[in-house]
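To start, the structure under review is shown below, and the notes come after it.
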C-alpha cells in the first residue's frame, strides 16, 4: 500500500466505527424504553382487576358487561369491587331534616356514600333531595355540600366541601338514551341496568392541566350494567 493511501484507510475505519457505535446506542435506548413500558403496570390505568377487592384508578367504558360482574360482586365506576348485598337500595328512608348545610343559606347537595344500580338512581336520594342534573350542580360555589348528611360521601381533605375524583351518576337534561356518549347517556332515563350507558361525573383533582387553568367537572359514559354513587341536590334552597 502506498504511503498516500493510509490516511484514507484510517478515515474509512473511523467512520465505520462511529456508525456501529451509533447503531448500538440507538438500540440500547429503544430496548430500555420498551422494557420500562412493559414493566410499568401503571401504564394501563384502565385494566380492571380480578374480583378480589382490588381497585383501579380510572373507569374502562369499553369493557364488556359480563366482565363487570363476577359472582356476587360488581365493578363500580370508581374502581371498586362491591358485593351486591352492599349496594344502596331505594327508597332510603332517610329524612333530610337538619341535613342542609346549616347557616349557609345555599342549596345543599351531596354524593351518596353507597353505589346504586342505574335503575335505582332516581330514588337513591333522601327525602328533601333528588337525583341531580349536572346543570343543577355545575357551579359548586353557589351550593353548600351537606357534609353532615348521613349519606354524604367525604374524603380526608373534604372539610365542609365535596369530595374530588369520585364518580357519581348524574342526569343529563337530554332525551331518553343509552348511547355511549357522556352527556347523552342516561340508561334510557334511568330505567334499565342490563344494557347501554349512563353518564357519570366527578370533580377533578388535576389542577395543573395546560395552560394551568382549573376546570371543574370530568364526565364519562359508564355502562348501565355497573354501579356508581349518585349526585343528589336539595329540592329547593333553605
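The values are calculated or read from the model by the stated rules, or taken from the named source; none is laboratory data. A quick note: this is a predicted structure, and the numbers were derived from the prediction, not measured. Reconstructed Cβ throughout: ideal geometry from the backbone, glycine too, with neighbour counts over all protein chains shown.
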Residue ID - nearest to residue 217 (Cα to Cα), chosen from residues in the range 136-148 that are surrounded by fewer than 18 Cβ atoms within 10 Å (Cβ to Cβ) and under 19 Å from the mean Cα position of the chain (by Cα): 138
Which one of these is over 11 Å from residue 233 (Cα atoms), in a loop (DSSP other than H, G, I, E, B) and free of Cβ contacts under 8 Å to residues at least 60 places away in the same chain: 147, 141? 147
Filter result (surrounded by fewer than 17 Cβ atoms within 10 Å (Cβ to Cβ), in a loop (DSSP other than H, G, I, E, B) and at pLDDT 95 or above) within the range 115-135: none
The conditions are (1) farther than 17 Å from residue 198 by Cβ; (2) more than 18 Å from the chain's Cα centre (by Cα); (3) at pLDDT 55 or above; (4) in a loop (DSSP other than H, G, I, E, B), and residue 88 fails exactly one of them. Which is it? (1)
